[in-house]
Amino acid sequence: MVPNSQRFDTLFSWMDEQQAIGLLSQNISTLDNPGIKYIAATRLGACSSRDSLDALVLAATGDRENIFDSITRRKSIEALGRRRDLSTLPTIYDAMSSSDEQTIVNAVDTLINFGVPLDSQFKSSLLKIIQNGSDVLKRVAIQCFSRLEMHDSNGIISKQQSNPNILVNGASIAYSIRVQGDKSKLQTLADHLANTNVIYRRSSVIDIGDAGEPSLLSNIAKVAVSMPLRAKSAFKITPKIKTESQRNLINQMLQDDSRHLCFTQSVDVPVDLKEVCDLLRHRDEERQYSGAKTLFTWPVAGLAEAINSIWENHGSDYGVHYQVNCLISQLGLTELSFITKESLSEPAPQYAKSKIAATWGCLNLGLSECRSEIENLFMMSSWEPLRWTCAEVLRKL
C-alpha cells in the first residue's frame, strides 16, 4: 500500500542516509511496507556522499517487474536529477530505452534538471522519441529541447504543431517561440487556456512558461487552474526586475480571488453548504474556484460560521485548506484569523500554498503580530512565490 502524504512525511523525517542506502539495497519481498524503498530513493536525492550516489545509480539501472521496484527506479532517476552529477549520465541514457513510459519521462526530466547542453547521441534519442513515441513522451522530449534551448535542425519538432493532441502541439509551439523566436502562434497558446479539460488548461500554463513570452502574463493570471502552477510560469516569463503592471498582475494572481478568474464552463449554483463543499473538494480547480466564488454571494450573517464549518469538517483536504484561507483573507473575516495564524505555521508541505494565502490574510486582517513569522518565512523559504508574497506583505503590514 502506498503511504499517504502524512505517513510519507513521518517516514522521511526519521530516515537518515545510511538507513536509506540500506533500504534501497533490500529485496522488496523482505519489507513490511514496500513503499518505503522508493521513499529511501527520494531521501538520497538530498544527500551528497559518493556512497549514496552509487546506491541511486544501482537502483536506477535496469527494468523491474515488481511495481514497487519499478517506482523505486523512477524515484532514483528523479533523485539523480536533483544530485546533478554528470557522471551518472550513462545511467540516465540507459533509462531512456526503458519499456516503462514513466521511467523515460523521469529520465528526460532529469536531463532537463542537469541543465547542460546534450550531445548528438542524446539529441538523436530525443528526436526518435518525438517521431515515434507516445504523445506523453513526445511532449517531455520537446520540453527538453525548449528548456535546454537546443535547436532541432531537422524540423521534426515543428511538424508536431499539426499533432491533434494539445499536449504535443502546445509544447511544439512553445519550442518555436522560445528557441526559434517565432511568435506567430502566440494566440493559439492563449486559446488553449480556455479548454474545458483541466489537463489541457494545466499543460497550456506550462507551455506558456516554456515559451518565455511576457505578453501572456495576463492570460495565465486569470485561468482557473492551480495558483502555484500559474505562479511558476509567471515567474519564468517575467524578468527579474518587473514592470509595475507585471507586479500588479503577479500580486493579483497570488492573492487568487476567484471573482477575477475566467471560467470555461458554468456550474450549477450550489443550494447548500454540502454542495459548496463538494465543489471545494473537486480535483478540477475550476470547480474549487466556483465553490469559493459562490460564497461571496451568501448573506454576511452566518458566513463566518459556514466557512468555519467547512474548515472543521474538510480542512485536511489541501484544496479546501487553501480556499478557506483565501476566503478569510478576501472577505476580511477577522473572527476566523486563528485559521490564518494556524496556516501560517503549518509545516506539512502539501499545505504550502496555504502559507501564501495566509500571508496575504495577515495583511488584509491587520495581523501585525505575525510580522516576525512572515520575516522568518521570507528568510527560510526558497519558493519564489512565497518569498515574493512575504516581501510584498512586509512592505505594507
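The values are calculated or read from the model by the stated rules, or taken from the named source; none is laboratory data. Owing to the predicted nature of the structure, the values given are computational and were not obtained by experimental measurement. With ideal geometry, Cβ positions are generated from the backbone for all residues, glycine too; neighbour counts draw on all protein chains shown. Ligands, DNA and RNA are stripped out before the accessible areas are found, and what is left, the full protein with its side chains, is counted by its heavy atoms. Shrake-Rupley method; radii C 1.70, N 1.55, O 1.52, S 1.80 Å.
Here are some notes:
- Search result, residues across the range 40-56 that are assigned to a helix (DSSP H, G or I) and surrounded by fewer than 20 Cβ atoms within 10 Å (Cβ to Cβ): Thr42, Arg50, Asp51, Leu53, Asp54
- Selection of the range 182-218 for residues being open to solvent by less than 40 Å² (accessible area, probe 1.4 Å), charged (D, E, K, R) and part of a loop (DSSP other than H, G, I, E, B) yields only Glu213.
- Cβ pairs under 8 Å, 6+ apart, first in the range 125-147 and in contact (Cβ under 8 Å) with a residue 60 or more places away in the chain, second surrounded by 23 or more Cβ atoms within 10 Å (Cβ to Cβ) and of a type in the set (Asp, Glu): Gln143/Asp210; Ser146/Asp210; Arg147/Asp210
- On inspection, Ser124 does not qualify as more than 20 Å from Gly35 (Cβ to Cβ), of a type in the set (Gly, Ala, Ser), open to solvent by 20 Å² or more (accessible area, probe 1.4 Å) and not in a helix (DSSP H, G or I).
- For the range 124-136, the count of residues that are among the charged types (D, E, K, R) and closer than 24 Å to Pro90 by Cβ is nonzero.
- Consider the range 71-93 and keep the residues that are in a helix (DSSP H, G or I) and surrounded by fewer than 17 Cβ atoms within 10 Å (Cβ to Cβ). The one that is nearest to the chain's Cα centre (by Cα) is Arg82.
- Test: residue in the range 266-281 that is under 21 Å from the mean Cα position of the chain (by Cα) and touching a residue at least 24 places away in the same chain (Cβ under 8 Å): yes
- Just so you know, in the range 361-397 the residues that are of a type in the set (Ser, Thr, Tyr) and open to solvent by 10 Å² or more (accessible area, probe 1.4 Å) include one that is nearest to Glu335 (Cα to Cα), and it is Ser368.
- Within the range 339-365, the set of residues being of a type outside the set (A, V, I, L, M, F, W, C) and not in a helix (DSSP H, G or I) comprises Ser345, Glu346, Pro347.
- Qualifying positions in the range 366-397 - assigned to a helix (DSSP H, G or I), free of Cβ contacts under 8 Å to residues at least 12 places away in the same chain and within 16 Å of Lys353 (Cβ to Cβ): Arg387
- For the range 218-249, a tally of residues being touching a Leu at 6+ places or on another chain (Cβ under 8 Å) and within 24 Å of Asn364 (Cβ to Cβ) returns 11.
- Within the range 59-70, if we keep just the residues that are more than 26 Å from the chain's Cα centre (by Cα) and surrounded by 13 or more Cβ atoms within 10 Å (Cβ to Cβ), the residue that is modelled with the highest pLDDT turns out to be Thr61.
- Hey, Val225 within 13 Å of the chain's Cα centre (by Cα) and of a type in the set (Val, Ile, Thr) or not: yes
- The set of residues in the range 138-173 being β-branched (Val, Ile, Thr), open to solvent by less than 10 Å² (accessible area, probe 1.4 Å) and closer than 13 Å to His192 by Cβ consists of Val168, Ile173.
- Some residue of the range 332-343 being modelled with pLDDT of 95 or more, under 24 Å from Arg201 (Cβ atoms) and out of contact with any His (no Cβ under 8 Å at 6 or more places or on another chain): no
- Of the set (1) open to solvent by less than 70 Å² (accessible area, probe 1.4 Å); (2) more than 13 Å from Val205 (Cβ to Cβ); (3) among the basic types (Lys, Arg); (4) part of a helix (DSSP H, G or I), all apply to Lys242 but (4).
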